[in-house]
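Quick notes on the structure that follows.
The values are calculated or read from the model by the stated rules, or taken from the named source; none is laboratory data. Remember, it's a predicted structure, so these values are computed and weren't measured experimentally. Virtual Cβ from ideal backbone geometry, glycine too; neighbours counted across all protein chains shown.
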């Protein structure tokens, strides 16, 4: 089963290992990222970063769109991890049965982004994808770890028009 | 000051979350005096792993040292992952879980002619062995 769908452009990192995996009792991480999936160095760096008790696979967006049902129907607690809301939108479109919630964690600053929270920056294209998710009745919320403040996109979206 | 000639000294870069690396440098210099070929880098909120990787390559490159050690704070975390990515382009060994005793060890030993692999083993052992517990009971034993 998919326990958490999360955008985090650092993919597997300290916060993910120390908090997210434990907080959601994650047994398997499915990373969906074209760059990482097609670069052997990046792939090995991120697979190396996975704690030994956790399983992990790295898929391209197309591979994920073709094979996600396997992870939805599986009994393991799965974390779907991707860099961008654009990828999330594609997955929600392909699999309407997904739990209609997208967690946005750290997404780093880029020159054409706006600061949504201290840790998440989005381009206008990414904000557009998030708005499309809202229209599809997917709850989109910003949160780093479960004990920190939650910011609902619905509550702040007007500030970023 | 900068030279294109390769420096024989072992280059040291400490790369961590936030300002820990700077603070570790300050702390070790308080014990051992000012150090050269000892650089620091921090990952801050909003920072990304690819930019950090580029920074690591730049910092190590600027030292012009033939061999380098990159110390990171947490295995599997972004500073460590960025350092791992940088290994394609720089000549370095990464040691994760940096602590002050490890830095004291490397700064003491890096001037000596020692095989890098042996030095790495020494540093890792120093880091592990320096983790001790002190309890009240130990005080009464004189």
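Quick look at the values:
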{"read-out": "In segment A:13-56, the residues that are within 21 Å of residue A:85 (Cβ to Cβ) and touching a strand residue (DSSP E or B) at 6+ places or on another chain (Cβ under 8 Å)", "value": "A:16, A:20, A:24, A:26, A:29, A:30, A:31, A:32, A:33, A:36, A:37, A:46"}
{"read-out": "Residue within segment A:55-71 that is surrounded by 18 or more Cβ atoms within 10 Å (Cβ to Cβ), within 14 Å of chain B (Cβ to nearest Cβ) and within 28 Å of residue A:123 (Cα to Cα) present", "value": "yes"}
{"read-out": "Any hit, segment A:88-99, residues being in contact with a strand residue (DSSP E or B) (Cβ under 6 Å, 6 or more places away or on another chain) and either closer than 20 Å to residue A:29 by Cα or at pLDDT below 95 (or both)", "value": "yes"}
{"read-out": "Residue A:18 vs. criteria modelled with pLDDT under 95 and either farther than 23 Å from residue A:137 by Cα or more than 14 Å from chain B (Cβ to nearest Cβ) (or both)", "value": "yes"}
{"read-out": "Which listed residue, of B:54, B:45, is modelled with pLDDT under 95 and within 14 Å of another protein chain (Cβ to nearest Cβ)", "value": "B:45"}
{"read-out": "Selection within segment A:96-125 - in contact (Cβ under 8 Å) with a residue 24 or more places away in the chain, over 15 Å from the mean Cα position of the chain (by Cα) and surrounded by 15 or more Cβ atoms within 10 Å (Cβ to Cβ)", "value": "A:116, A:117"}
{"read-out": "Odd one out for residue B:46 among (1) free of Cβ contacts under 8 Å to residues at least 40 places away in the same chain; (2) surrounded by 18 or more Cβ atoms within 10 Å (Cβ to Cβ); (3) in contact with a strand residue (DSSP E or B) (Cβ under 9 Å, 6 or more places away or on another chain)", "value": "(2)"}
{"read-out": "Qualifying residue in segment B:85-103 (condition: free of Cβ contacts under 8 Å to residues at least 12 places away in the same chain, closer than 20 Å to residue A:41 by Cα, within 13 Å of chain A (Cβ to nearest Cβ) and surrounded by 13 or more Cβ atoms within 10 Å (Cβ to Cβ))", "value": "yes"}
{"read-out": "Filtered residue count, segment B:8-63, keeping only those that are part of a loop (DSSP other than H, G, I, E, B) and over 16 Å from residue B:95 (Cα atoms)", "value": "14"}
{"read-out": "For residue A:76: the one exception among (1) surrounded by fewer than 23 Cβ atoms within 10 Å (Cβ to Cβ); (2) within 14 Å of chain B (Cβ to nearest Cβ)", "value": "(2)"}
